[in-house]
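Structure first, commentary second.
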Amino acid sequence: MIPACQRANSGSSYLTMKKKFKRELKSIEQIFDFISVFLEKYKLDDSISFTLNLVIEELFTNMIKYNTESTSEILIELDKKEGNMIVIITDYDVEPFDVTRKKEVDVKAHLQDRRVGGLGIHLVKNMVDKIDYEYKNRESKITLTKRLER
Amino acid sequence: MFDVQIAESGDILLSGRFDASQVEKANAVFDQISQSCVVNFTDLEYVSSAGLGVLLKTQKRLADAGGSLKLVNMNKHIKDVFGYAGFDTIFEIE
């Protein structure tokens, strides 16, 4: 029997799950559970778990920290398409904030010159292969692509 | 489930997942530290930038008084994150 979330796509395997989360820090645990269910359901290698947890937590917490005017829930979609893991995070009723254009962090700075905070997007950029940003109709959509190890 | 405790030896023991929802709990312990100490990562599975922020804030405060944190027994994923953040040059990691 084919799971409800799985469908054929031009003959290749395409697995997907999506869920909306309240914009509060308490949602992080539910997001980790959601990721865990996805990995277990589709028997994906658990080594991707740390990366998924981190990149999604960083972008989710950024959205609730900076998009303070919105009260909408944030949509998280997980897709496995061929050899790639794809994460799509959509925030609604927000101003644009293009994470791909964020200023680089100076990770070689001395301790006294390091600022507390501002590392999240930097970590995300280091842990995925591609980041795309799209803004339309007051919706911010970030798409992350991570190649899965074979 | 995240936990942070100070052992009898004075070492700080971290366990579970240190995410953004746990910063307040971690600060309650790290803010008590006033001299150099060891932070044991043996039972810590995960840390995000929020956790790195707690450690950096503590390291900066201790450095002003001539002290520092020594971080021990990190798993590979956490060590990678410290490397991406450039924290491997501002902390002693063993």
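Model label sites at A:Asp129 and A:Glu40, defined 7 Å from Cα along the beta-carbon direction, differ in position by 2.8 nm. Straight Cα distances below 21 angstrom link A:Lys80 to the lysines A:Lys18, A:Lys19, A:Lys20, A:Lys41, A:Lys43, A:Lys125, A:Lys130, A:Lys141, A:Lys146, with same-chain residues fewer than 8 positions distant left out. Modelled spin labels at B:Lys79 and A:Lys26, positioned 7 Å past Cα toward Cβ, are 3.8 nm from each other.
Apply the Debye scattering formula to chain B, with a single equal point scatterer on each alpha-carbon and no solvent, then give log10 I(q)/I(0) at q = 0.17, 0.18, 0.19 Å⁻¹. So the normalised log intensities are -0.65, -0.74, -0.84. Largest first and in whole Å, the equivalent-ellipsoid semi-axes of the range A:36-103 read 26, 13, 11, each the square root of five times a Cα gyration tensor eigenvalue.
Measuring spread by the Cα atoms of the range A:52-150 yields a radius of gyration and Dmax of 14.4, 45 Å. Of the DSSP H helices in chain A, those that are both long (alpha-carbon extent of 24 Å or more along the helix axis) and hydrophobic (Kyte-Doolittle mean at least -0.5) are A:49-66. Length available on full extension from A:Asp93 to A:Arg138: 0.36 nm per residue minus the Cα-Cα distance, which gives 15.7 nm.
Whole-percent P(r), the range A:82-136, all Cα pairs, 10 Å bins from 0: 18, 43, 28, 11, 1.
Under the rule of -39500 (n - 2.57) per DSSP H run of 4 or more residues, summed and divided by the residues of the protein assembly as shown, what mean residue ellipticity at 222 nm is obtained, to the nearest 500 deg cm²/dmol? Before the final figure, lay out each step's value.
Details: 6 runs with 74 residues, N = 244.
Only helices count here, giving -9500 deg cm²/dmol.
Note on the protein assembly as shown: Rg/Rh from Cα positions, Kirkwood definition for Rh, rounded to two decimals, is 0.99.
What full-extension length gain, to one decimal in nm, is calculated for A:Lys81 and A:Tyr66 as 0.36 nm per residue of separation minus the Cα-Cα distance? Working shown, then result.
Values: separation 15, 0.36 × 15 = 5.40 nm, distance 3.07 nm.
Contour length minus Cα-Cα distance gives 2.3 nm.
Subtracting the Cα-Cα distance of B:Ser15 and B:Thr89 from their residue separation scaled by 0.36 nm leaves 24.3 nm.
Since every read-out is calculated from the coordinates, none of them should be taken as a lab result. Since the structure is predicted, the reported quantities are computational estimates derived from the model, not experimental observations. Quick reminder, even Gly has a Cβ in these numbers, built from the backbone with ideal geometry, and neighbours come from all protein chains shown.
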